[in-house]
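See below for the structure under consideration.
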Amino acid sequence: MSENDMKFVVVLNRSYELSRLTSGLGHATAGLVASLAQDVDKLSFVEYTSSDGQPYPWISDYPFITL
């Protein structure tokens, strides 16, 4: 599966405060990940390493598009 085969898309309403939107987005994302817990490989997690050698595990290879 390529990174273009799957995307996460969310549409946010500008009339809400940013703090409420990001909180809701965080909860929705947690629920999405939990729903795929039995098939976590579908999320295509990778580990990125920064230029100073700091690892950042559990980052999805798929884009998260916010509208």
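Things to note:
- Average Cα contact separation per residue, the chain, under 8 Å, 6 or more apart, as relative contact order %: 47
- Taking the Cα centre of the chain as origin and assigning +1 to Lys and Arg Cβ atoms and -1 to Asp and Glu Cβ atoms, the resulting dipole is close to 380 debye.
- 3J(HN,Hα) along region 18-33, derived from phi through the Karplus expression 6.51 cos²θ - 1.76 cosθ + 1.60 where θ = phi - 60°, amounts to 4, 4, 5, 5, 5, 5, x, 5, x, 5, 5, 5, 4, x, 4, 5 Hz, with x in place of Gly and Pro.
- Under 5 Å, built H, 5+ apart or other chain: amide partners of Phe45: Asp61
- In a DSSP loop and with at most 10 other Cβ atoms within 10 Å, the trypsin sites (Lys or Arg not before Pro) in region 1-61 are Lys7, Arg14.
- Residue by residue, region 62-67 carries 3J(HN,Hα) couplings of 8, x, 10, 9, 10, 10 Hz when phi is fed to the Karplus relation 6.51 cos²θ - 1.76 cosθ + 1.60 (θ = phi - 60°); x denotes Gly or Pro.
- Looking at the chain, the GluC sites (Glu not before Pro) that sit in a DSSP loop and have at most 14 other Cβ atoms within 10 Å of their own Cβ are Glu3, Glu17.
- When the alpha carbon gyration tensor of region 8-66 is reduced to an equivalent ellipsoid, its three semi-axes come out at 24, 17, 10 angstrom, largest first.
- Fully extended contour minus Cα-Cα distance, from Leu25 to Ala37, at 0.36 nm per residue: 2.5 nm
Bear in mind that the values in this text are calculations on the coordinates, not laboratory data. Keep in mind the model is a prediction, meaning the values are calculated, not measured. Quick reminder, even Gly has a Cβ in these numbers, built from the backbone with ideal geometry, and neighbours come from all protein chains shown.
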